[in-house]
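Here's the structure we're looking at; comments come further down.
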Amino acid sequence: MVNKILIANRGEIAIRVMRACREMGIPSVAVYSEADKEALFVNYADEAHCIGPPPATASYLNIQKVIEVAKESGADAIHPGYGFLSENPKFARACEEEEIKFIGPSSRVLKLMGDKVAARREMVRAGVPVVPGTDECVAEFEKTKDIAKEIGYPVIIKPSGGGGGIGMTIVANEGELAKALESTQAIATTTFGLCDVYIEKYLSNPRHIEFQLLGDSKGNAIHLGERECSIQRRHQKLIEESPSPAVTPAMRIKMGEIAANAARYVGYEGAGTMEFLFSDGKFYFLEVNARVQVEHPVTEMVTGVDIVIEQIRIASGLPLSIKQEEVRWNGWAIECRINAEDPLNDFVPTPGKIKSYHSPGGIGIRVDSGVYTHYTVPPFYDSLISKLIVWGRDRNEAIMRMRRALYEYIIVGVKTNIPFHKAVMENPRFVKGELGTHYIERETTLINDMRRIMEREKSLEERLSHLLEGKKRIAAIAAVTALARTYGVPYGQSTNGGG
Ligand code: MV4
């Protein structure tokens with residue numbers, strides 16, 4: 001087993017990893033920026049080292065500094081979390097050279113998966129279905145025109161160095177192609193330093209479904225089923241669930257096997273996700289996320305497998321602790337990402353001081369949070385402050401529990417997207433499980449539903465204003481939310497969306 005782990009990340013995921021370390025008896029080392037001195041994860045760690053100024057490029061992305069602290073502190077492994085350096089092949093390479101175990105796939109696999117065209121080609125070889133398109137980059141207009149014609153419009157042009165939606169351009173017809181090709185190449189060059197772009201058939205409102213994979217150093221690879229992540233806004237996922245209401249047990253087994261076989265084929269070590277678009281009952285490979293993902297807890301809730309502990313075991317050269325035939329899927333889990341942002345002002349980030357904080361609890365609730373009362377959310381990083389995950393025996397129970405938990409969640413001082421989540425949990429189409437990547441834009445009533453929910457809570461607050469003075473303030477806020485809960489959709493209205 002590795003002896004000491006440096007966590008090259010911050011916030012809730014740093015704490016998530018350190019919790020696994022503590023359960024395994026492995027000391028943890030935090031690295032933090034000057035903006036994170038007061039952060040919960042810095043305190044949680046067994047030791048912590050400041051690595052630089054607030055901007056991530058000067059701290060969390062500073063490869064030399066992170067490796068230097070690992071060596072100084074005697075850490076023999078680094079967990080990169082998600083984002084930051086987690087899928088950076090140069091960082092993985094630097095770790096390999098310094099004989100520090102990078103907790104994740106090899107630099108070779110990270111490089112392959114980071115090149116979206118190469119990854120697509122490799123997945124075709126491994127027998128994974130992909131979206132109709134090219135397995136080479138496109139560059140020259142006349143040739144691209146022929147390819148697009150063959151695929152059939154609409155098509156989508158994607159930067160090969162990208163992922164996560166940045167710089168993608170949808171092309172409705174041949175007239176738009178020249179401009180789209182040029183602009184995607186320009187964005188690809190400036191954002192990813194690589195002008196390579198590729199072209200695919202554009203699917204209009206697919207579901208985003210991904211399979212959780214684990215591969216060990218002995219050549220074993222298994223899948224833990226799927227997550228549905230269709231509820232997203234500007235390529236930011238907001239709500240994820242497992243299983244997907246659209247996936248039958250037979251499809252899960254078939255696609256899971258295809259994904260796990262592909263992981264084995266490329267020699268995948270660690271936790272990873274294979275992303276698919278799902279449309280008209282068919283799966284199409286998109287990309288591999290070669291890291292632990294934000295939404296991994298929903299899979300943990302339904303399978304009981306601790307994905308971070310598996311990552312650490314794998315990095316230590318141990319075999320997977322579970323065989324494919326031992327994986328059981330029990331019940332339903334939903335995650336709401338709680339962001340410090342203003343849902344009434346285009347979801348702009350709202351960093352600032354949390355004056356009062358109370359998180360939900362009780363049966364079937366998990367809160368992975370990086371904050372506490374009187375903590376100041378810094379403006380330098382993403383706005384995720386916690387994840388609220390619920391488990392229920394079926395989708396209906398999970399939705400009812402999520403509603404209950406959202407009304408228990410009290411965050412005063414910074415605006416959050418909790419009202420948005422309350423609106424989604426009451427939305428008939430969500431309740432029916434009718435999801436797609438364009439769900440939020442198409443559910444045009446959602447923002448108004450949310451306004452109504454916020455108004456309802458405000459009027460209750462006003463009615464109780466005599467309590468909202470001095471020391472009684474915090475208790476009064478709890479009373480307000482408890483009352484607000486009774487205004488929610490009555491019990492029993494949610495139905496299982498299938499699956
Ligand atoms: C697509 C697609 C439709 N057809 N690919 C977005 C995230 C990234 N991982 C892949 N993405 C998409 N890929 C094909 N062949 C739709 C999306 C997509 C999207 C694309 C452009 C602008 C907004 C979008 C929102 C959701 C999904």
* Could you say whether any residue in region 183-197 is touching a Cys at 6+ places or on another chain (Cβ under 8 Å), open to solvent by less than 10 Å² (accessible area, probe 1.4 Å) and free of Cβ contacts under 8 Å to residues at least 60 places away in the same chain? -> yes
* Verdict on Gly272 being more than 16 Å from the ligand (Cβ to nearest atom), in contact (Cβ under 8 Å) with a residue 12 or more places away in the chain and in contact with a strand residue (DSSP E or B) (Cβ under 9 Å, 6 or more places away or on another chain) -> no
* Which of (1) away from the ligand (no atom under 16 Å from the Cβ); (2) open to solvent by 50 Å² or more (accessible area, probe 1.4 Å) does Gly104 not meet, given it meets every other one? -> (2)
* Asked: Does any residue of region 470-478 turn out to be at pLDDT 85 or above and part of a helix (DSSP H, G or I)?
  -> no
* Asked: Looking only at residues in region 223-256 that are in contact with a helix residue (DSSP H, G or I) (Cβ under 9 Å, 6 or more places away or on another chain), in a loop (DSSP other than H, G, I, E, B) and open to solvent by 10 Å² or more (accessible area, probe 1.4 Å), which one is farthest from the ligand (Cβ to nearest atom)?
  -> Pro243
* To do: Could you look through region 109-134, keep only residues that are more than 15 Å from the ligand (Cβ to nearest atom) and touching a residue at least 60 places away in the same chain (Cβ under 8 Å), and pick out the one that is most open to solvent (accessible area, probe 1.4 Å)?
  => Arg125
* Asked: Considering only residues of region 1-24 that are part of a loop (DSSP other than H, G, I, E, B) and open to solvent by 10 Å² or more (accessible area, probe 1.4 Å), which is farthest from Asp382 (Cα to Cα)?
  -> Met1
* Of all the strands (runs of 3 or more DSSP E) wholly in region 25-91, which have at least 2 residues that are of a type in the set (Lys, Arg)? -> none
* Asked: Somewhere in region 346-365, is a residue closer than 19 Å to Gln212 by Cβ and either crowded, with 19+ Cβ neighbours inside 10 Å or of a type in the set (S, T, N, Q) (or both)?
  -> no
* **Subset of region 257-285 (residues that are assigned to a helix (DSSP H, G or I) and open to solvent by 10 Å² or more (accessible area, probe 1.4 Å))** => Glu257, Ile258, Asn261, Arg264, Tyr265
* Long-range neighbours under 9 Å by Cβ, at least six apart or interchain, first residue near the ligand (Cβ under 7 Å from one of its atoms) and open to solvent by 30 Å² or more (accessible area, probe 1.4 Å) within region 199-212, second outside any strand (DSSP E or B) and among the small types (Gly, Ala, Ser) -> Lys201/Gly152; Tyr202/Ala172
* Asked: Could you say which residue among Val69, Val42 is more than 24 Å from Lys90 (Cα to Cα), modelled with pLDDT of 95 or more and among the hydrophobic types (A, V, I, L, M, F, W, C)?
  -> Val42
* Asked: Mind checking which residues of region 40-60 are farther than 20 Å from Cys21 by Cα, surrounded by fewer than 18 Cβ atoms within 10 Å (Cβ to Cβ) and in contact (Cβ under 8 Å) with a residue 24 or more places away in the chain?
  -> Pro54, Pro55, Ala58
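The values are calculated or read from the model by the stated rules, or taken from the named source; none is laboratory data. Keep in mind it's a predicted model, so treat the numbers as computed, not measured. With ideal geometry, Cβ positions are generated from the backbone for all residues, glycine too; neighbour counts draw on all protein chains shown. All accessible areas refer to the heavy atoms of the entire protein, side chains included, with ligands and DNA or RNA removed. Shrake-Rupley method; radii C 1.70, N 1.55, O 1.52, S 1.80 Å.
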